[in-house]
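Encoded as structure tokens, the structure appears first; notes follow it.
Throughout, read-outs are computed from the coordinates displayed, never taken from laboratory work. All figures in this text were calculated on a predicted structure; none of them were measured in a lab. Cβ: placed from backbone, ideal geometry, glycine included. Neighbour counts: every protein chain shown.
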Amino acid sequence: MKIYNLTKERLMKFDFKPVEFNWCADIGVVAFQRDNISVFVKLYEDIKLSNEIIVKDVIKIRRNLEKSLEVNIWNCYMLACLSPLSISYMELIMKVEKDTTAIRKYIIQQEKDLDRVPFLDNTGSENARPELPFHKDSFTELGNIQEIVDFVHEYTFEKGEKLTSHKVNKVLKEIHLKELIEHEDQKD
């Protein structure tokens, strides 16, 4: 029950709002929506849970969704929350999540499983964040941003080269040095 509540809390943390469909209670799911994404959450407490049971529930959800005009089926997800006592956890992940029947599905047994769901990832992965090869204050120090934009455009679009941090730093230093020289010339 704990993972079921954590899942609902994470959904609400990511601005998902509870939605009621008249058929959800029959299947035992709760629904959430944010923009065009619909998520269905169900707690499975049976220790001998099989992938067929989850897939049958997902098919029921899909059939009900096909009758609904306000939900895009391609943006629907099922989060199957498992009892921590389930012994076939890894097997279920492999069988259920790889199964393309109906809608996308995720098996959730631990809080970290929620990080596998793309729109609920709470990890803030460093791999997903672009790294700036120069300090943010460089822009204010440099003055003429157009030279930087032209440099990036020339290297990436015209020359088709990969822009490395070494090249960017070199150009930034050249531009900065050029502006310092121009500034000194203006003083004289």
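Among the residues making up region 57-102, those that are out of contact with any strand residue (DSSP E or B) (no Cβ under 6 Å at 6 or more places or on another chain), of a type outside the set (Val, Ile, Thr) and more than 26 Å from Asn36 (Cβ to Cβ) are Ser83, Pro84, Leu85, Ser86, Ser88, Tyr89, Met90, Glu91, Met94, Lys95.
Just one of the listed residues (Ile61, Ile93) is surrounded by 17 or more Cβ atoms within 10 Å (Cβ to Cβ), under 17 Å from Leu114 (Cα atoms) and out of contact with any helix residue (DSSP H, G or I) (no Cβ under 6 Å at 6 or more places or on another chain), and it is Ile93. Taken over region 1-38, residues that are in contact with a helix residue (DSSP H, G or I) (Cβ under 6 Å, 6 or more places away or on another chain), among the aliphatic types (A, V, I, L, M) and either closer than 14 Å to Val117 by Cα or assigned to a helix (DSSP H, G or I) (or both) amount to 3.
Among the residues of region 62-102, those identified as in contact with a Lys or Arg (Cβ under 8 Å, 6 or more places away or on another chain) and farther than 21 Å from Asp46 by Cβ are Ile73, Cys76, Tyr77.
Only residues that are among the polar types (S, T, N, Q) and either surrounded by 20 or more Cβ atoms within 10 Å (Cβ to Cβ) or assigned to a strand (DSSP E or B) (or both) were counted in region 39-56, giving 1.
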